[in-house]
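The values are calculated or read from the model by the stated rules, or taken from the named source; none is laboratory data. Values in this document were obtained by computation on a predicted structure and should not be read as measured data. A quick note on method: Cβ atoms are made from the backbone with ideal geometry, for glycine too, and the neighbour counts reach across all protein chains shown.
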Amino acid sequence: MKDTILAQIMGLKSLSTEELLKKYEELFDGKKASSDNRIYLVKRIAYRLQELEYGGSTRPEGPAHHYSGLSAKAKDRLKELIEKYDPVNNKAIRPKVSIETQARTKTRGRDIRLPIPGTIITKDYRGKKQQVKVLEDGFEYEGKIYKHLTAVAEKITGAHWNGYNFFNL
């Protein structure tokens, strides 16, 4: 009996790097992996298993295109869902914005790098989960309102940090 996809993916964690490399070759029609990094291999193999199970093509096209093995219909649906439900992490599909446009946007109000108001930004820092709520005109952290994300990062770390860098935005 064939394992479920979840069981197969969970089982990848227990495989050695050599076993992962072999599994990669099996799933990608003999193609060698471009890296022997365990995390990379597990992610690519897990993705490929899902492609094969849920309607992706059987022809691997490589990691150059994010959704390369999926059907055109599946790719369109993914893009639609990302645009609708994940406005924070869809930077890859956002149009490129010139520095002049960014400057104009900043003078009108919100920085385009910020997630939409109401979003909770989380960061694990020194073993503690930090949560910051994005507001229309600032940020809320531990019940206090801050005008700049940098001020929140400084409050958390006790040192000067660029807020966008600290929160990986």
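Tabulated data
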item: Complete set of residues in the stretch 25-47 that are part of a helix (DSSP H, G or I) and in contact (Cβ under 8 Å) with a residue 24 or more places away in the chain; result: LEU27, LEU41, VAL42, ILE45, ALA46
item: Among the candidates GLU100, GLU61, GLU25, residue that is at pLDDT 90 or above and not hydrophobic (A, V, I, L, M, F, W, C); result: GLU25
item: Filter pass, LYS32 being surrounded by fewer than 11 Cβ atoms within 10 Å (Cβ to Cβ), more than 18 Å from the chain's Cα centre (by Cα), at pLDDT 90 or above and not small (Gly, Ala, Ser); result: yes
